[in-house]
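Read the figures in this text as sums done on the coordinates, not as results from a lab. This structure is a prediction, so every number in the text was calculated from the model and none was measured. Please note: Cβ atoms are built from the backbone with ideal geometry, for glycine as well, and neighbour counts cover all protein chains shown.
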Amino acid sequence: MSHTNVTGATDLDLDAFRDLQQLAYRAAVDVAATLEPGVTEREAARRVRVRLEGQGVQDWFHTPFAWFGDRTAFRGFRNPLQFFPSGRRLEEGMPFILDCAPVRDGYVADIGYSGYLGDNALHDRLMDDLRAHRRLIVDRVRAGDTLQDVYRAVDGLIREQGYDNRHRVYPGRVIAHQVGRVRSRLPRAVVAGFGVRSLQTLVGDLLVERLHHRSPLWADGDISAHPATPGLWAVEPHIGFRDIGVKFEEILVVTEDDAHWLDDDLPHVRRWDALAPTSTETP
Amino acid sequence: MSTRTHTYVTASDGQRLAVRTEGNPDGPVLLLVHGYPDNSSVWDAFAARFTADHRVAAFDVRGAGRSTAPDDRSGYRLDQLADDIVTVADAVSPGAPVHLVGHDWGAIQSWHAVTEPRHAHRFASYTAVSGPDLDHAGHWLRTRPDGFRAALRQAVRSGYIGFFHLPVVPEAAWLTGVGGLALSALERLGGGPHSPARRGTRDYLNGLALYRANMARRLLRPVERRTDVPVQVLAPTDDAFMTDQLQSDAGRWVGDLRFHRFHGGHWTLRSRPDAVAARVRALVGEVESGRPRPRRALTAQQARRHGGSFAGQVAVVTGAGSGIGRSLCFELAERGARIVAVDVNGPAAERTAELAALLTPGAAAQRVDVTDAAAMDKLAAWVRDEYGVPDLVVNNAGIGVAGPFLETTAQDWERVVDVNLWGVIHGCRAFAPMMAAAGGGGRLVNTASAAAYLPSRVYGAYATTKAAVLMLSRSLRGELADHGVSVTAVCPGLVDTGIISGARLSGLGEASAAKDRLNRLYRLRGYTPERAAARIADALQRGPEIVPVTGEAHLGLLLSRLSPRVLRAAARVAPPV
């Protein structure tokens with residue numbers, strides 16, 4: 001977080017963040033492979049939680065979410081309680097998303113993994129089209145654009161692609177939020193899906209940043225009309241097309257004069273690289 | 001010239017079924033099944049259109065025409081009737097599957113045959129005219145996916161079924177000639193030349209057993225019957241006994257369904273068979289060509305959501321590159337329509353078509369400027385060549401212009417009239433003639449606006465064009481009704497489409513602050529184009545004159561009729577922009 005100046009984060013710190021992000025993605029991929037028709041969102045979320053807690057995760061920024069079917073696109077969501085895992089059962093021909101934010105030794109990861117039970121050309125297409133957003137975001141942040149402008153650029157790309165912006169359904173319409181080391185003396189407890197220690201950190205950030213007319217939450221409001229604050233940002237572009245929503249969520253490292261994704265060895269990036277190698281990438 | 005041969009085939013329970021066969025012995029085999037109270041002569045005009053290049057077989061259903069009649073009502077059970085169809089198919093085409101065509105009760109029996117897993121391999125395709133599967137109908141009445149009103153409308157049309165269950169009375173009606181008079185009146189519904197039917201007394205009397213043996217059991221305790229045989233359902237626009245929704249709902253049970261409407265009544269098939277013949281010819285040709293059947297990519301929920309009211313139809317949408325046009329393309333594609341996406345922005349139209357094609361294969365994009373009459377004519381000709389006459393044409397392209405009249409330039413006026421009004425006129429001129437000539441049943445949809453009936457000093461030019469579109473639609477609706485083409489005007493209201501970002505605000509310069517405020521208003525209203533598209537597609541199944549979309553569009557329409565005074569006052573309100 002900015003007031004603890006992550007720009008000064010050592011490579012060692014970044015390695016720890018990267019390891020945890022790897023661990024979380026691996027857990028999501030492994031659990032996704034176990035999902036069978038009939039499993040509920042609650043059960044899927046529990047599997048992610050159990051697996052990660054078995055691998056040294058002690059606390060949660062937020063406990064795992066699982067969304068099936070048109071809930072991946074947040075269709076019909078009216079209140080925040082609807083984000084929590086429900087009794088919806090997975091069927092053949094349904095998209096799903098697993099999303100979790102584990103905390104280990106004070107380091108935080110926040111990841112989102114999209115999949116589909118069966119085959120669907122449209123789901124593949126959405127996943128492919130998400131690639132442009134990952135590129136767009138890091139390029140625009142590097143160029144020093146304000147977060148509000150980056151958000152609008154992502155919106156424009158989504159509209160051009162024929163999809164709709166689903167991250168606007170998240171509380172505060174956020175596409176990203178800052179993360180950092182959790183240093184708190186509060187007990188490790190999870191209230192309404194969010195760890196109190198992480199919440200304390202986030203609220204602290206909100207207050208400090210507000211003094212600088214900035215926000216650790218990245219949305220399209222005027223409070224985001226500033227270039228990215230140096231630090232770590234968990235970025236989660238979430239695009240939807242009818243009943244299907246897809247997203248990725250991973251950490252963007254922002255320094256005083258540059259920005260890069262924390263890790264390129266992630267399932268969605270490997271998928272894109274398999275389709276067309278990175279070398280052909282042009283912004 | 002082909003000769004007609006008459007033979008008898010023995011059914012599995014010993015009844016003798018009279019079969020007549022004619023046409024080209026080397027062509028694909030059509031098997032025609034008539035309804036009640038008809039006999040195979042109902043197909044005479046229809047069959048004549050196929051004998052040159054098809055082998056056509058028609059038979060008298062047990063109890064009708066020259067076939068024998070079982071002594072007992074149980075001899076008319078659907079399982080037995082489906083067996084009869086297979087028995088005849090085996091006799092007329094032992095080696096190859098047949099293309100089945102059923103009308104009325106013949107369609108009901110044929111449905112039962114194609115949804116029977118043991119029999120399905122005997123059928124290459126099936127065309128149902130005015131007859132549902134009774135089990136599907138039972139489910140439809142129970143779950144009422146199209147709403148209570150649709151179920152009620154169907155119940156009214158099915159009233160005669162209750163009458164047929166009365167003892168003796170229906171027989172008396174037929175024998176006294178009262179029933180015949182009523183039937184003759186019903187046959188004239190839907191217009192067209194009326195040719196008297198050739199029916200015998202036994203056609204009227206024996207067939208009552210069809211109702212009495214099957215209706216109650218199937219409708220009250222329906223079972224699940226599915227099929228992968230390609231099926232097309234053809235619904236007359238003025239059917240006295242059948243609603244569209246009851247028939248198109250078969251999409252829930254059929255892997256490959258097409259649903260088309262044609263202008264006429266329940267028996268138009270007999271007097272004016274061209275529209276039905278053209279559809280049957282197209283389906284038989286497609287199946288015989290052996291082309292692989294395209295696969296739709298729907299999620300489990302999408303597949304469950306819709307019946308088949310747009311399945312297999314061709315829809316042309318202008319302004320398909322963004323906003324409501326694009327969303328409507330996706331909505332219709334999800335419901336099974338093949339989309340021709342038209343936009344002046346070529347890449348945007350391509351993108352719409354690309355995504356629509358993933359929902360239902362066969363979509364295409366065309367870059368056309370709707371203000372160009374010649375280009376629209378060319379588009380219409382291209383669509384007819386590539387897809388056939390479209391079932392649905394949506395003249396949706398439009399632009400926004402706002403600002404006071406005194407500051408609207410002549411160029412602004414020309415531009416908005418060109419796109420919003422001339423675009424619609426060109427679209428109607430290009431497509432309406434072919435839709436009328438092709439036997440009707442299609443729908444023409446023009447996007448007007450709630451501004452069409454809500455006067456305001458804020459958007460005079462825009463409202464003028466939209467009011468013209470509304471009146472054009474209403475007038476054209478009156479004119480095309482005789483051809484069985486319905487015309488609908490859509491009046492959306494505040495839908496967050498981005499129309500403001502592209503709008504010209506006259507007299508306000510670039511005025512991006514005003515645009516920002518307007519955009520925010522639209523966003524706060526929060527009515528998405530996806531929601532509007534779903535609403536429009538739902539409404540189009542009924543083909544109403546006007547479809548107001550948002551709440552304010554409904555309210556405005558109501559006020560314009562009940563209390564124009566309120567709207568006169570509202571027109572004077574200056575916006576705080």
(request) Give the span of chain A's Cα atoms along each principal axis, as three whole-Å numbers ordered largest to smallest. (result) 48, 45, 37
(request) Take each uninterrupted DSSP H stretch in chain A, measure its Cα extent along the helix axis, and return the ones at 24 Å or beyond whose mean Kyte-Doolittle hydropathy is at least 0.0. (result) A:11-34
(message) With 10 angstrom as the radius, rank B:M376, B:M471, B:M434, A:M127 by how many other C-beta atoms surround their C-beta, starting from the fewest.
(response) B:M471, B:M434, A:M127, B:M376
(request) Output the antiparallel fraction of DSSP beta bridges having both residues in the protein assembly as shown, as a percent to the nearest 5. (result) 50
(message) Can you tell me the length gained on complete extension of the stretch B:A437 to B:R474, counting 0.36 nm per residue apart and subtracting the Cα distance?
(response) 11.3 nm
(message) Averaged over its residues, how many other protein chain Cβ atoms are within 10 Å of peptide A:42-54's Cβ atoms?
(response) 0
(request) Can you figure out the FRET efficiency of A:R185 with A:F84, using R₀ = 45 Å and their beta-carbon distance, to the nearest 0.05? (result) 0.95
(request) Normalising by the residue count of segment B:225-267, find the relative contact order in percent from Cα pairs under 8 Å and 6+ residues apart. (result) 57
(message) Averaging over every viewing direction, what projected area does the convex hull of the Cα atoms of segment A:6-161 cover, in nm²?
(response) 10.7
(message) Taking 2.2 N^0.38 Å as the expected size of a compact globular protein, what ratio does the Cα radius of gyration of segment B:31-101 give against it, to two decimals?
(response) 1.15
(request) Would you please put B:406-412, B:362-368 in order of how densely packed they are, using the mean number of other Cβ atoms within 10 angstrom per residue and starting with the highest? (result) B:362-368, B:406-412
(request) Report, for segment B:1-137, the % of DSSP beta bridges that are antiparallel, rounded to 5. (result) 40
(message) Can you give the Rg/Rh ratio of segment B:94-167, where Rg is from the C-alpha atoms and Rh is the Kirkwood radius?
(response) 1.07
(request) Compare the peptides B:264-272, B:240-248, B:119-127, B:198-206 by average per-residue count of other Cβ atoms within 10 angstrom and give them in order, highest first. (result) B:264-272, B:240-248, B:119-127, B:198-206
(request) Compute the acute angle (0 to 90°) between the alpha-carbon long axis of helix B:78-92 and the principal axis of greatest extent of the alpha-carbon atoms of chain B; round to the nearest 10°. (result) 80
(message) What are the ³J(HN,Hα) couplings of segment A:80-96, residue after residue, when phi is run through the Karplus curve with 6.51, -1.76, 1.60 and θ = phi - 60°? Round to Hz, x for glycine and proline.
(response) x, 4, 5, 6, 5, x, 10, x, 3, 9, 6, 10, 4, x, 10, x, 8
(message) Please list, ordered by chain and number, the residues whose modelled amide H lies under 5 Å from the amide H of A:H62; skip anything fewer than 5 residues away on the same chain.
(response) A:A101, A:G195
(request) Can you check what the net charge comes to around A:Y163, using other residues whose Cβ is under 11 Å from the Cβ of A:Y163 (Lys, Arg +1; Asp, Glu -1)? (result) +1
(request) For peptide B:289-300, compute the average count of partner chain beta-carbon atoms within 10 Å of each residue's beta-carbon. (result) 4
(request) Could you tell me how many degrees, from 0 to 90 and to the nearest 10, lie between the Cα long axis of helix B:551-562 and the main elongation axis, the longest principal axis, of the Cα atoms of chain B? (result) 90
(message) With bins 10 Å wide starting at 0, give me the P(r) of chain B over every alpha carbon pair, in whole percents.
(response) 3, 17, 26, 22, 15, 9, 5, 2, 0
(request) Return the calculated 222 nm mean residue ellipticity for chain B, to the nearest 500 deg cm²/dmol, obtained by summing -39500 (n - 2.57) across DSSP H runs with n ≥ 4 and dividing by the residue count. (result) -13000 deg cm²/dmol
(request) Report, by chain and number, residues whose modeled amide H sits under 5 Å from the one on B:R77, excluding near sequence neighbours (fewer than 5 apart, same chain). (result) none
(message) Can you tally the net charge around B:A155? Count Lys and Arg as +1, Asp and Glu as -1, for every other residue whose Cβ sits under 13 Å from the Cβ of B:A155.
(response) +4
(message) Given Cβ point charges of +1 (Lys, Arg) and -1 (Asp, Glu) and nothing else, what value in debye, to the nearest 20, does the dipole of the protein assembly as shown about its Cα centre take?
(response) 2580
(message) Report for chain B the percent antiparallel among DSSP-assigned beta bridges with both residues inside it, nearest 5.
(response) 15
(message) Counting only other chains, and only Cβ atoms inside 10 Å, what mean value do you get across the residues of B:350-358?
(response) 3
(request) Sticking with the crude label model, points 7 Å out along Cα→Cβ, report the distance from A:Q55 to B:V178 in nm, one decimal please. (result) 8.1
(message) Quick check on the exposure proxy: order B:I161, B:I499 from fewest to most C-beta atoms within 10 angstrom.
(response) B:I161, B:I499
(message) What is the angle, in °, between the Cα long axis of helix B:512-525 and the longest principal axis of the Cα atoms in chain B? Nearest 10 is fine, range 0 to 90.
(response) 40
(request) Report the far tail of the P(r) of the protein assembly as shown, meaning the percent of Cα-Cα pairs longer than 48 Å. (result) 34
(request) Report, by chain and number, residues whose modeled amide H sits under 5 Å from the one on B:Q232, excluding near sequence neighbours (fewer than 5 apart, same chain). (result) B:Y126, B:T127, B:A128, B:R258
(message) Below 8 Å between Cα atoms, with a sequence gap of 6+, how large is the relative contact order for segment B:203-284 in percent?
(response) 30
(message) Given contacts defined as C-alpha pairs under 8 Å and at least six residues apart, what's the relative contact order of chain A, whole-number percent?
(response) 24
(message) With bins 5 Å wide starting at 0, give me the P(r) of segment B:68-113 over every alpha carbon pair, in whole percents.
(response) 6, 21, 26, 25, 15, 6, 1
(message) Can you tally the net charge around A:R26? Count Lys and Arg as +1, Asp and Glu as -1, for every other residue whose Cβ sits under 14 Å from the Cβ of A:R26.
(response) 0
(request) Could you please rank B:T447, B:T51, A:T201, placing first whichever residue has the fewest other Cβ atoms within 10 Å of its Cβ? (result) B:T51, A:T201, B:T447
